[in-house]
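K.L.:
Dropping a structure here in structure tokens format, bear with me for questions.
A short reminder: the numbers here are calculations on the coordinates, not readings from a lab. Because the structure is predicted, anything quoted here is derived from the model rather than measured. Reconstructed Cβ throughout: ideal geometry from the backbone, glycine too, with neighbour counts over all protein chains shown.
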Amino acid sequence: MADGQGVTPEDMQKYLNLDADGDASILADMISTAEDAVTGAIDDTIGIDVYRAYPLFNQAVRVLVDYMYYSRGALSDQNKAYPPSYAYMINSIRWKIQRDQAAKAGDTDGKI
């Protein structure tokens with residue numbers, strides 16, 4: 001995966017160990033949903049290309065897609081909305097992205 005490209009269906013097929021033919025359109029939809037969820041949890045005013053440059057963002061997307069893919073149809077049996085590692089990643093990248101964006105804007109106290 002090239003830097004800044006983000007997660008692709010092909011990337012997810014490898015990550016999930018799926019056949020090359022399997023579920024590409026479903027994975028594309030799940031990737032889009034996961035990217036929206038991650039950006040919405042952090043700051044949806046920051047462009048997706050900025051997020052995609054962060055490896056931890058892409059990993060959070062992969063983890064959420066993995067969770068959604070293998071939990072299809074079983075949501076009523078779930079006792080957690082998200083995997084704990086996903087929540088950890090969101091908290092880890094939230095401050096880094098916001099700090100980096102503030103620095104680019106010239107804000108010296110680290111707040112946007």
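K.L.:
With each pseudo-label sitting 7 Å past Cα toward Cβ, what's the N17-S71 distance in nm, one decimal?
P.N.:
Modelled inter-label distance: 2.1 nm.
K.L.:
Under a point spin-label approximation (7 Å from Cα along Cα-to-Cβ), what is the W95-T33 distance to one decimal in nm?
P.N.:
Label-label distance for W95 and T33, simple model: 3.1 nm.
K.L.:
In whole Hz, with x marking every Gly and Pro, tabulate ³J(HN,Hα) for segment 33-45 from phi via Karplus 6.51 cos²θ - 1.76 cosθ + 1.60, θ = phi - 60°.
P.N.:
Couplings: 4, 5, 4, 4, 5, 5, 5, x, 6, 10, 6, 7, 8 Hz.
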